[in-house]
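Just below is one structure, and these are the notes that go with it.
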Amino acid sequence: SVAGAMAEALRCDLVWVGFAKGISDFVVEMKDSSMVRKFQPDFGRMAEMGGRGVIITARSEDPRYDFESRFFGPNAGINEDPVTGSAHCALGPHWAKKLGKNQLSAYQCSDRGGTMTVCVE
């Protein structure tokens with residue numbers, strides 16, 4: 001399965017795996033945001049999965065944010081993008097449905113980091 005292959009490639013337990021067809025990214029939900037922050041990517045294994053990139057995400061443990069994420073795009077020549085608008089276009093509907101709200105506060109926890117407000121109509 002794709003979820004099993006992704007769990008093996010990322011070397012961690014996953015809550016959910018999806019694919020954002022419009023941007024060709026895998027979307028991977030992890031158990032908690034500390035896993036997202038501490039994640040050590042293997043770019044070679046990620047690239048083998050295909051697609052443009054891999055978005056990892058989890059519900060935020062920080063009360064200022066609804067969710068946190070990171071974006072890795074080794075097949076696009078970007079190992080880790082600091083703040084990725086297109087990734088949040090895919091994450092918005094996922095978290096809006098899961099959390100039951102249409103306006104979300106997001107934090108991309110790359111080294112540089114960045115916050116975004118995501119609105120889903």
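The values are calculated or read from the model by the stated rules, or taken from the named source; none is laboratory data. Not measured: the values here are computed from a predicted model. Positions of Cβ are generated from backbone atoms using ideal geometry, with glycine treated the same way; all protein chains shown enter the neighbour counts. Calculation scope for accessible area: heavy atoms of the full protein, side chains included, ligands and nucleic acids excluded. Shrake-Rupley method; radii C 1.70, N 1.55, O 1.52, S 1.80 Å.
What the table below lists for this structure:
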| read-out | value |
| --- | --- |
| Residues of the range 1-11 classified as open to solvent by 20 Å² or more (accessible area, probe 1.4 Å) and within 23 Å of G92 (Cα to Cα), total | 3 |
| Meets criteria (under 22 Å from K101 (Cα atoms) and open to solvent by less than 40 Å² (accessible area, probe 1.4 Å)) for F19 | no |
| Test: residue in the range 83-99 that is open to solvent by less than 10 Å² (accessible area, probe 1.4 Å), in contact with a Leu (Cβ under 9 Å, 6 or more places away or on another chain) and outside any helix (DSSP H, G or I) | no |
| Matching residues, the range 100-121, being assigned to a loop (DSSP other than H, G, I, E, B) and either open to solvent by less than 20 Å² (accessible area, probe 1.4 Å) or in contact with a Gly (Cβ under 7 Å, 6 or more places away or on another chain) (or both) | C109, S110, G113, V120 |
| Subset of the range 46-57 that is touching a residue at least 40 places away in the same chain (Cβ under 8 Å) and open to solvent by less than 40 Å² (accessible area, probe 1.4 Å) - its residue that is nearest to L104 (Cα to Cα) | I56 |
| Residue pairs meeting the criteria (Cβ under 9 Å; at least 6 apart or on separate chains; first among the charged types (D, E, K, R), in the range 84-101; second in a helix (DSSP H, G or I) and open to solvent by less than 70 Å² (accessible area, probe 1.4 Å)) | K101/W95 |
| Test result for A47, in contact with a helix residue (DSSP H, G or I) (Cβ under 8 Å, 6 or more places away or on another chain), under 20 Å from G22 (Cα atoms), hydrophobic (A, V, I, L, M, F, W, C) and not in a strand (DSSP E or B) | yes |
| Neighbours by Cβ (under 6 Å, 6+ apart or cross-chain): first from the range 29-45, under 19 Å from K98 (Cα atoms) and surrounded by 18 or more Cβ atoms within 10 Å (Cβ to Cβ); second among the β-branched types (V, I, T) and at pLDDT 95 or above | E29/T57; M30/V36; M30/I56; V36/I56 |
| Residues (touching an Asp or Glu at 6+ places or on another chain (Cβ under 8 Å) and either in contact (Cβ under 8 Å) with a residue 40 or more places away in the chain or among the hydroxyl-bearing types (S, T, Y) (or both)) located in the range 62-72 | D62, E68, R70, F71 |
